[in-house]
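The values are calculated or read from the model by the stated rules, or taken from the named source; none is laboratory data. As the structure is a computational prediction, the values presented were derived from the model and not from experiment. All Cβ positions, even for glycine, are placed from backbone atoms using ideal geometry, and neighbour counts span all protein chains on display.
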């Protein structure tokens, strides 16, 4: 009788350990796991073997994902120049070029595919209009409070790897 109890308790212990370990590996199975506010850490573009900080070494950005799958993402280069006229509709071509090239936003819905570890952004509207109405599947990982995903077709060409940190 004692031997049966030890085996049963041992088996139960192994099962509990398996549940605990698999719970750790089940990170980001749904968009609810990613819900919250994230701040930009880096946004590195790789094209033709060259890597560049798409929005500079200290990008300013926010990614907000709601548990219902709605999201908004905005990112900009730190220190963008002010428009001399103080009117965003009358910026010079040079001012507009720097500002547009140094910022990006989009919003819509996002879904998590745990099986292939991808996020699918269904972009409703973007500051890069070519993305309006399209879906983008992006491989991702979550490590602690860090979300990292790759955009295989970045808005500036090449492949972009974005790193975000969960806001506290």
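Looking at 12, 80, which is the one that is more than 23 Å from residue 166 (Cα to Cα), at pLDDT below 95 and either in contact with a strand residue (DSSP E or B) (Cβ under 9 Å, 6 or more places away or on another chain) or in a helix (DSSP H, G or I) (or both)?
Working: 80 fails: at pLDDT below 95.
It is 12.
Residues 100, 112, 142, 163: which one is in contact (Cβ under 8 Å) with a residue 40 or more places away in the chain and under 24 Å from residue 50 (Cβ atoms)? First the steps, then the outcome.
Numbers: 100 fails: in contact (Cβ under 8 Å) with a residue 40 or more places away in the chain; 112 fails: under 24 Å from residue 50 (Cβ atoms); 142 fails: under 24 Å from residue 50 (Cβ atoms).
The unique qualifying residue is 163.
Which residues, counting only those in the range 78-95, are under 24 Å from residue 132 (Cβ atoms) and touching a helix residue (DSSP H, G or I) at 6+ places or on another chain (Cβ under 9 Å)?
Passing the criteria: 80, 88, 91.
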